[in-house]
Amino acid sequence: MSYDVIIGLEVHVQLQTQTKVFCGCSTAFNPQAPNTQTCPTCLGLPGALPVLNKKAFELAVQTAMGLNCEIPLFTKWDRKQYFYPDLPKGYQISQYDLPFSRNGHLDIPPATDGDTPIRVRILRAHLEEDAGKNLHDESGRGAGSMIDLNRAGTPLVEIVTEPDLRNAMSARRFLEELRLLLVYLGVSDCNMQEGSLRCDANVNLHVHGPDGTKIPTPIVEVKNLNSFRFTEQAIEFEVARQWEQYQKTGQTIHDAPKVTRGFDPDRGMTYALREKEEAADYRYFPDPDLVPVTVTEEQLSLWRSRLVESPASRRERFRQEYGLSLYDAQVILDQGVLFADYFEQVASQTKDGKQAANWLTQEVQRVLNDRRWTLTEFPFPAPALGHLLSLVSTKKITGKSAKDVFNLLVEGDEPEVVTSETIDATIAERGLALVEDTGAIDMAIADVIGRNPKAVQDFRSGKQAAAGALIGQVMKAVKGADPQSVRERLLKQLEG
Amino acid sequence: MSSTAATPINQLSMSEQLQRLQNKAISSVELVDATLAAIETHDGSVGAFLQVYPEQARAQAASFDERRARGETVPSLAGLPIAIKDNMCRTGDTVTCASRMLHNYRPPYTAGAIERLERAGAIVVGRTNLDEFAMGSSGENSAVQLTRNPWDLERTPGGSSSGSAASVAARYVSGSLGSDTGGSIRQPAGLCGVVGLKPTYGRVSRYGLIAFASSLDQIGPLATDVTGAAILLEAISGHDPRDSTSVDVPVPSYSQLVQQPLAGLRVGFCPAHFSEGLDQEVAQTIRQALTLYRQLGAEVKEIALPHADYSVAAYYLIAPSEASSNLSRYDGIHYGYRSDKFENLADLYAASRGEGFGPEVKRRIMLGTYALSAGYYDQYYARALKVRRLIRRDYDEAFQEVDVIAGPVAPTTAFRLGEKNNDPLAMYLSDIYTIGTNLAGIPAISLPAGYSKSGLPIGLQLQGPAFEEIKLLQAAYMFEQAAGVLERKPGMVGG
């Protein structure tokens, strides 16, 4: 017997707004000062009313556009009702039957060149408010529980996929691509430590029956996975557990209701969450404190026009236009929009994508890491680096000299912003320009050969390494000679 | 007949009080003192107020008097004492909704309507009693005290704005604010012989009004006369960006326009408003009112509101559904009443809510919770919303033919305290004529139309199209002048 794994994800993304979704309080992550970013509205005080943050709605729509969703022109707000201490109103303002977007998709990029992407359909994305956070005394000393409502009212987009994922690795890679997209769109910082991106995974198996039928096992929802690795581990664990369970009990989806489980990262295991005594009935109904939102086609096209290019599209362009491998394209994309923009500027200037990619992923990244600079603090603007790399590809300087110049110009506590002029001046100052005078090089070679009969003899008797010493002497004599050219000419004279 | 010379200044109409304040014929301190003295004398038996703020009110009055004495320009209602229903927030006050649940609740902010009222110079002298969380039609659901009808202390003032109506009927103040979800301003106004106006939904900010049913709630004025209601309505109306359902429509100068003659008025009446259950004396008084309109030159014609019979049923699904949700926040966790009898979280919720809410509030929470439950939503809530749309359409069509629809406010005059306590359905039916207004979101006014043989007030209701409060006020003023109903006051205050 064998089986297919069926996985659907629900991803909660905190939108990067200055203020909360239904009031003017700050959304800054601030666990050190609990309950300081609150007001009557997000505290759920009697008589306080919600007012939609238009920016949150715009970011939510842009998220859905990035996920290729349909955006209906009418959407409304519903109350999802349940009692919990971190939910001060006794209901969460969310969206039930008319979410602001539906029917989209996101492709998981191929893992290696030659593979095809995997399409994951998006069922819907809706906007809602986050709850607060219950803080329990874990010391065992019995101090009371406390509630921090700083987070209450932070805008969340819940993205629900169709059950299109077939293994834990794909789920992880889907989340990675989703995060990349959200960061590119500028809609979320996706900081998982701060809970900006959280995931629930619905997992079950389709067991292949002996007669070719598929037997679905009960669905398990693993809740609150706050890292991609945990998501992958939790799914892997669930698949194994469910398969074992099925073999033991033969239970199918018709025999057991959907259950929820938690994930213990220390043990790498999922565990049963205490089931509510009754089935949850959220008693959704339209929130009478808010008016429905209607958008126009004009508004949507304006927002669409402000969308940045998706990572998927860039990845494809980097491969097509600049000839990058999937791996190189991904390394650059992973560094963020600014880095990808920087790469494109350099590569389009030098017409050598591979060279630009190598420099960015090696020299530039090394300096950024060493100096803990962001790209905006980096003193080497893209046109300057483009100029430097062009000098290498047109053989005006050597690759090694270029690296020397690069390192020299980013030295110091506050290096000046580099320009083409400062680069040229440094090259001139240090005499790093390659000499094109073949006559001078040949004369120097003849001279070096004449003065080193021992080395010449060694070479001629088969010691290739002897040439290195001779080349070094010629290079010393002719400052700025291209070592490649010196080697070729020396060998010719030695062999001739 | 009252002789103005002998009338205590707290018993004057709002426009007279304002005029005398402006002329400096009286000071605000004198007016506030007269109000406080009247409360002191009579409120032990009426029970309209839950809170009175004597020092604060006197201090504000003194400050306005000083500003007037210095010749400063003061706002239009400067120094005028007003009562507010105890379900509107104001920083520093304890706001209880007459519920054990909020016995100690002090909001850190002020309601939009109260801000406007105070900015206009009105002085909040105290907070008035109500049915707990504004749920009820007799005031008897207050967890704090009974309010009695100043016309007959054995009778109910109506509700839920029981104290706001009684405080005006007892002439402590010339005006007050109430809130109206299904008739909670108009029905007590009718039973107490004062004027009450429920504005168009969205006309007055709900920000800071402790919600009962959000899609129906609206703050509005009560006053001894139509002009007073117009003055207060003008002060509290206007767009509030903090309330998404508040509408940005310019506010007419109601106080200036109310007394302008209205030519070519078309008054409609609906046979459904004269059906079974309507007291004969009330029916007769309303028919006389229609006759008076005819005599005043109005065209009076029959209109149909085909779905009126379903309004109570729709209302008692929609309002409790919203209430069940709005009142979920009272969970004993963050503020308000918390039981000390609990073992775990579920107990804490159950015990705090079980002990903190009164029986009528619990009944409505249960009704609403049931109506919104999985499997029942379509059958109840969704269907009630459909009926609501039909009722709205009925009114739209009726207002093609008439300017206002006249009818009774309530089926009976003030009933005896305790009379309907054990019969919630009978109690619910006392809002049968007022509920349609809230479902349709339109404005309506209740004003004294006459008196029963036993001397109890009978109210006339006029309903109008959305944002046509001015037409209601003008039509009401026209009636008030011709009917001579203002001459009577409750016996306890010298009427």
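Filtering the stretch A:131-140 for residues that are surrounded by 19 or more Cβ atoms within 10 Å (Cβ to Cβ), in a loop (DSSP other than H, G, I, E, B) and within 14 Å of another protein chain (Cβ to nearest Cβ) leaves a non-empty set.
Residues that are open to solvent by less than 10 Å² (accessible area, probe 1.4 Å) and within 11 Å of chain A (Cβ to nearest Cβ) within the stretch B:191-208 comprise B:G202, B:S205, B:R206, B:G208, listed in sequence order. Among the candidates B:R148, B:R127, which residue alone is of a type in the set (K, R), closer than 28 Å to A:L45 by Cα and in contact with a Ser or Thr (Cβ under 9 Å, 6 or more places away or on another chain)? The unique qualifying residue is B:R127.
Looking at B:A304, B:A263, B:A298, B:A314 in this structure, which one is under 24 Å from the mean Cα position of the chain (by Cα) and small (G, A, S)? If you could, list the steps in order and put the result at the bottom.
Working: B:A304 fails: under 24 Å from the mean Cα position of the chain (by Cα); B:A263 fails: under 24 Å from the mean Cα position of the chain (by Cα); B:A298 fails: under 24 Å from the mean Cα position of the chain (by Cα).
Testing whether each residue is under 24 Å from the mean Cα position of the chain (by Cα) and small (G, A, S) leaves just B:A314.
Listed by position, the strands (runs of 3 or more DSSP E) enclosed by the stretch A:180-280 that each have at least 2 residues that are within 30 Å of A:F83 (Cα to Cα) and under 33 Å from the mean Cα position of the chain (by Cα) are A:197-208, A:220-225, A:259-264, A:269-272.
Where helices (runs of 4 or more DSSP H) fall wholly inside the stretch A:405-496, the ranges with 3 or more residues that are open to solvent by 40 Å² or more (accessible area, probe 1.4 Å) and within 30 Å of A:E377 (Cβ to Cβ) are A:420-429. Can B:Y380 be described as more than 19 Å from A:A280 (Cα to Cα), in contact (Cβ under 8 Å) with a residue 60 or more places away in the chain and open to solvent by 30 Å² or more (accessible area, probe 1.4 Å)? Yes; evaluated as a whole, the condition is true for this residue. For B:A98, the criteria (1) away from chain A (no Cβ under 14 Å); (2) under 25 Å from B:S205 (Cα atoms); (3) among the hydrophobic types (A, V, I, L, M, F, W, C); (4) assigned to a loop (DSSP other than H, G, I, E, B) hold in every case but one, which is (1).
Of all positions in the stretch B:318-329, none carries a residue that is within 22 Å of the chain's Cα centre (by Cα) and more than 14 Å from chain A (Cβ to nearest Cβ). Residues that are surrounded by 15 or more Cβ atoms within 10 Å (Cβ to Cβ), more than 14 Å from chain A (Cβ to nearest Cβ) and aliphatic (A, V, I, L, M) are absent from the stretch B:237-250 altogether.
Within the group B:G368, B:G336, which residue is under 27 Å from the mean Cα position of the chain (by Cα), free of Cβ contacts under 8 Å to residues at least 60 places away in the same chain, under 26 Å from B:G182 (Cβ atoms) and within 11 Å of chain A (Cβ to nearest Cβ)? Can you show your working first?
On the way: B:G336 fails: free of Cβ contacts under 8 Å to residues at least 60 places away in the same chain.
The match here is B:G368.
Within the stretch A:70-85, the set of residues being crowded, with 17+ Cβ neighbours inside 10 Å and over 13 Å from B:S328 (Cβ atoms) comprises A:I71, A:T75, A:K76, A:W77, A:D78.
Figure legend. Inter-residue proximity from the stretch A:299-321: first residues within 25 Å of A:I71 (Cβ to Cβ), second residues of a type in the set (F, W, Y), beta-carbon distance below 6 Å, spacing 6+ or different chains. Indicated pairs: A:V308/A:Y184; A:P311/A:Y184.
Each residue in the stretch A:179-219 was checked for being in contact with a Cys (Cβ under 9 Å, 6 or more places away or on another chain) and polar (S, T, N, Q), and 1 of them qualify.
Can you tell me which residue in the stretch A:92-114 is surrounded by the fewest Cβ atoms within 10 Å (Cβ to Cβ), limited to those that are over 20 Å from A:V160 (Cα atoms) and touching a residue at least 40 places away in the same chain (Cβ under 8 Å)?
The first filter runs over the stretch A:92-114 and keeps only residues over 20 Å from A:V160 (Cα atoms), leaving A:110-114.
From the residues that got through so far, the ones that are touching a residue at least 40 places away in the same chain (Cβ under 8 Å) too are A:110-113.
Details: A:P110: 14, A:A111: 15, A:T112: 8, A:D113: 11.
Step by step, filter the stretch A:92-114, then rank; the result is A:T112.
Listed by first and then second residue, the pairs with beta-carbon distance under 7 Å, at least 6 apart or on different chains, first residue in the stretch A:229-245 and closer than 16 Å to A:G8 by Cα, second modelled with pLDDT of 95 or more and charged (D, E, K, R), are A:T231/A:R172; A:E232/A:R172.
Would you call B:I114 in contact (Cβ under 8 Å) with a residue 24 or more places away in the chain, among the β-branched types (V, I, T) and within 14 Å of chain A (Cβ to nearest Cβ)? The answer is yes for B:I114.
The values are calculated or read from the model by the stated rules, or taken from the named source; none is laboratory data. This one's a predicted model, so the numbers in the text were calculated from it and none came from an experiment. Cβ coordinates were reconstructed from backbone atoms using ideal geometry, including for glycine residues, and neighbour counts include every protein chain displayed. These area figures cover heavy atoms from the full protein model, side chains too; ligands, DNA and RNA do not enter into them. Shrake-Rupley method; radii C 1.70, N 1.55, O 1.52, S 1.80 Å.
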